[in-house]
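Read through the structure below, which is laid out as structure tokens, and then see the notes.
The values are calculated or read from the model by the stated rules, or taken from the named source; none is laboratory data. Please read all numbers here as calculations on a predicted model, not as lab measurements. Glycine gets a Cβ as well: all are built from the backbone with ideal geometry, and neighbour counts include every protein chain shown. Accessible surface areas use protein heavy atoms only, side chains included; no ligands, DNA or RNA. Shrake-Rupley method; radii C 1.70, N 1.55, O 1.52, S 1.80 Å.
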Amino acid sequence: MNKRWPAKKTSSIKEIFPAACGTSLPRPLFLSGVSAGFPSPADDYLDRKLDLNEHLVKNPAATFFVRVAGDSMTGAGINDNDILVVDRSLEPCNGSIVIAVVNGELTVKRLLKNKNSCRLAAENPDYPDLEIDEETPLEIWGVATYAIHSL
Amino acid sequence: MFGLIDCNNFYASCERLFRPDLARRPVVVLSNNDGCIIARSNEAKALGIGMGTPYFKQEPLIRKHDVAVFSSNYPLYGDISQRVMDVLMRLEPDVEVYSIDEAFIRLPMGKHHDLKNWARFLKATVQKHTGIPVSIGLAPTKTLAKIANRFAKKNPSAAGIFVITEGQPLDSLLATVDIGDIWGIGRRHSARLKKQAIHTALELKNCPDAWLRKQLTVTGLRTAMELRGIPCISLEKTLPARKSICTSRSFGQPVHTLGDLQEAVATYASQAAYKLRRGGLRTTVVDVFIRTNSFKKDEPQYCSRRTFTLPAPSSHTATLIKVALASLEAIYRPGYRYQKAGVLLNGLVPESREQLRLFQAPTPRAASLMKAVDDINKRWGRDTICSAAAGLSREWHFRQMKKSPAYTTRWSELPIAKASFPESFSVA
């Protein structure tokens with residue numbers, strides 16, 4: 001395509017490209033290899049591979065990953081920089097680790113609720129719990145199901 | 001019965017999903033290049049910020065009311081859209097994904113005794129699972145479902161759900177719908193109809209069939225029938241085959257050198273090649289176009305396009321870049337400030353139906369190379385491997401000053417959940 005000849009202005013053909021003649025045409029003798037070994041004795045017993053997604057993510061459309069910043073949840077096995085698997089489709093119940101909206105931020109806490117009270121608890125004695133009442137409406141963003149922690 | 005599920009202010013809602021602090025703040029999203037406003041939260045609409053208006057014109061208003069502004073973040077919107085559609089498909093067997101933020105569903109007759117209740121359940125489930133608020137319109141036809149959806153959105157009392165039942169008298173309702181707001185009536189048709197004193201959906205519905213067919217062809221007649229409650233447009237569950245692929249964009253700043261244009265055209269050609277492969281397609285015709293900014297009347301204007309027909313269908317990035325760059329070189333003229341360039345692929349054929357050539361062997365190596373590149377980019381992120389012709393600095397690249405993180409598609413950009421209390425909190 002590096003050579004081209006401009007054609008006459010009046011012609012409907014703008015340029016003419018020379019045909020490429022340098023290509024070769026190799027012809028394969030066999031399209032696929034022939035297996036000459038013994039069949040594996042395990043062939044009939046092959047199982048599928050394990051997929052971690054299947055284990056960690058029950059509802060893909062509702063599952064999000066979030067990264068933890070801070071150490072207020074170390075008592076629950078959730079450390080700074082861990083990744084949480086969060087399932088929004090689950091109903092939060094007493095004891096759930098939840099992502100709650102606190103002061104306009106996503107915050108990870110343990111939800112503790114009974115008939116009379118509702119609390120977002122930290123899992124680290126250095127951090128206070130947050131009492132939920134009528135004046136601080138509670139918005140739960142999702143329920144954390146697994147923590148992915150690098151060792 | 002048909003239903004239309006439409007995400008409310010979709011792009012703005014996506015931006016809010018990981019930013020609860022924006023729940024009550026007005027939010028707008030800008031087009032590619034940060035040029036125009038293409039999505040507004042309800043609060044932003046209430047401020048009078050118009051759809052499609054240039055960003056710079058609204059800047060004073062935006063500053064005054066502390067509006068949160070975002071560049072468009074298509075990886076995020078695409079992912080959230082898929083989640084919304086997945087939730088719908090789990091609950092409804094017949095779903096047609098109509099656009100990034102809309103889906104039609106078909107409800108079998110008699111399946112749901114209480115349609116409104118079912119719609120409420122759908123809406124609540126999508127909202128809970130994906131965090132995206134939706135509006136739902138249910139009606140005997142798709143066209144009416146679109147209208148019902150409008151009512152669901154516009155009437156605060158509807159709370160996002162509006163049902164038109166079979167045989168319900170509709171005339172008073174259709175009289176309030178402008179002809180231009182009917183699904184399937186484009187701007188040109190609506191202007192022409194208005195000249196003939198047809199202003200509302202009711203008036204269109206009552207036109208005689210023969211007249212409709214003559215004026216608007218069979219498509220218009222179908223729309224009128226649908227307004228009468230007779231379903232004529234069915235659910236399309238398989239996407240129609242693509243006829244062409246276009247990748248083009250305006251530049252962040254005007255470009256004048258051939259080098260910058262080459263980088264841009266090579267980038268678009270490789271994006272187009274990727275789209276081809278993703279769709280299992282190959283192209284035979286490659287069009288390249290460049291043009292200056294026609295709004296700048298005082299600058300010299302130039303635009304040109306060139307078509308190249310490939311000897312055989314291809315989806316090979318290097319091949320497409322090569323022909324695109326050859327075309328670009330032929331149409332490039334120095335001395336202009338170029339505003340836009342693009343690559344348009346036509347004559348698409350499915351990979352599986354390729355005609356083998358007489359004088360050239362098929363090249364499986366090229367296909368496996370492309371597959372390897374796509375796999376790597378899929379695993380490690382876009383442009384992990386890209387063609388050097390596409391450049392590294394990409395100074396011509398469009399502006400995206402206010403882009404939010406790719407929260408759901410990049411490990412390095414996951415949303416943060418705080419595990420510490422903000423200081424303003426008192427000890428309980």
Looking at (1) over 22 Å from the mean Cα position of the chain (by Cα); (2) under 23 Å from A:GLU134 (Cβ atoms), find the lone condition where A:ALA76 falls short. (2)
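For B:ARG222, are the conditions met, namely being assigned to a loop (DSSP other than H, G, I, E, B) and basic (Lys, Arg)? So that I can check it myself, show each step before the final result.
On the way: assigned to a loop (DSSP other than H, G, I, E, B): no; basic (Lys, Arg): yes.
Judged against the criteria, B:ARG222 is not a match.
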Select from the stretch A:86-106 the residues that are modelled with pLDDT of 95 or more and among the β-branched types (Val, Ile, Thr) and write down the one among them that is surrounded by the most Cβ atoms within 10 Å (Cβ to Cβ). A:ILE99
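Got at least one residue in the stretch A:96-111 being within 16 Å of the chain's Cα centre (by Cα) and closer than 22 Å to B:GLN82 by Cβ?
Here is the first cut: in the stretch A:96-111, the residues within 16 Å of the chain's Cα centre (by Cα) are none.
Taking every residue of the stretch A:96-111 in turn, none turns out to be within 16 Å of the chain's Cα centre (by Cα) and closer than 22 Å to B:GLN82 by Cβ.
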Quick check on my filter: what residues within the stretch B:399-415 are within 20 Å of A:PHE64 (Cα to Cα), open to solvent by 50 Å² or more (accessible area, probe 1.4 Å) and of a type in the set (A, V, I, L, M, F, W, C)? B:TRP411
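Being surrounded by 15 or more Cβ atoms within 10 Å (Cβ to Cβ), of a type outside the set (Asp, Glu) and modelled with pLDDT of 85 or more narrows it down to one of B:ALA326, B:ALA366, B:ALA390, so name that one.
Residue meeting the stated conditions: B:ALA326.
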In the stretch B:77-94, anything more than 13 Å from every other protein chain (Cβ to nearest Cβ) and open to solvent by 10 Å² or more (accessible area, probe 1.4 Å) is listed as B:GLY78, B:PRO93, B:ASP94
Verdict on B:LYS371 being surrounded by 12 or more Cβ atoms within 10 Å (Cβ to Cβ), at pLDDT 85 or above and under 30 Å from the mean Cα position of the chain (by Cα): no
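Yes/no matrix, rows are residues, columns are (1) open to solvent by less than 50 Å² (accessible area, probe 1.4 Å); (2) charged (D, E, K, R); (3) within 22 Å of the chain's Cα centre (by Cα):
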{"position": "B:ARG249", "(1), (2), (3)": "no, yes, yes"}
{"position": "B:GLN253", "(1), (2), (3)": "no, no, no"}
{"position": "B:THR257", "(1), (2), (3)": "no, no, no"}
{"position": "B:GLN262", "(1), (2), (3)": "no, no, no"}
{"position": "B:TYR268", "(1), (2), (3)": "yes, no, yes"}
{"position": "B:ALA273", "(1), (2), (3)": "yes, no, yes"}
{"position": "B:LEU281", "(1), (2), (3)": "yes, no, yes"}
{"position": "B:VAL286", "(1), (2), (3)": "yes, no, no"}
{"position": "B:PRO300", "(1), (2), (3)": "no, no, no"}
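Tell me, which residue of the stretch A:60-109 that is assigned to a strand (DSSP E or B) and of a type in the set (S, T, N, Q) is nearest to the other protein chains (Cβ to nearest Cβ)? Spell out how you get there, then give the answer.
As a first pass, look at the stretch A:60-109 and keep what is assigned to a strand (DSSP E or B): A:63-69, A:83-87, A:97-102, A:105-109.
Checking which are of a type in the set (S, T, N, Q) leaves us with A:63, A:107.
On the way: A:THR63: 9, A:THR107: 5 Å.
Per the stated criteria, the residue is A:THR107.
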Would you mention how many residues in the stretch A:137-149 are in a loop (DSSP other than H, G, I, E, B) and either in contact (Cβ under 8 Å) with a residue 24 or more places away in the chain or surrounded by 13 or more Cβ atoms within 10 Å (Cβ to Cβ) (or both)? 2
For A:ASN114: the one exception among (1) surrounded by fewer than 17 Cβ atoms within 10 Å (Cβ to Cβ); (2) more than 23 Å from B:ARG24 (Cα to Cα); (3) at the interface with chain B (Cβ under 7 Å from one of its Cβ atoms): (3)
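Each row is one residue, and each column tells you yes or no for (1) out of contact with any strand residue (DSSP E or B) (no Cβ under 9 Å at 6 or more places or on another chain); (2) closer than 22 Å to B:TYR338 by Cβ; (3) modelled with pLDDT under 90; (4) among the basic types (Lys, Arg).
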position: B:CYS246; (1), (2), (3), (4): no, yes, yes, no
position: B:THR257; (1), (2), (3), (4): yes, yes, yes, no
position: B:VAL265; (1), (2), (3), (4): no, yes, no, no
position: B:GLY280; (1), (2), (3), (4): no, no, yes, no
position: B:VAL286; (1), (2), (3), (4): no, yes, no, no
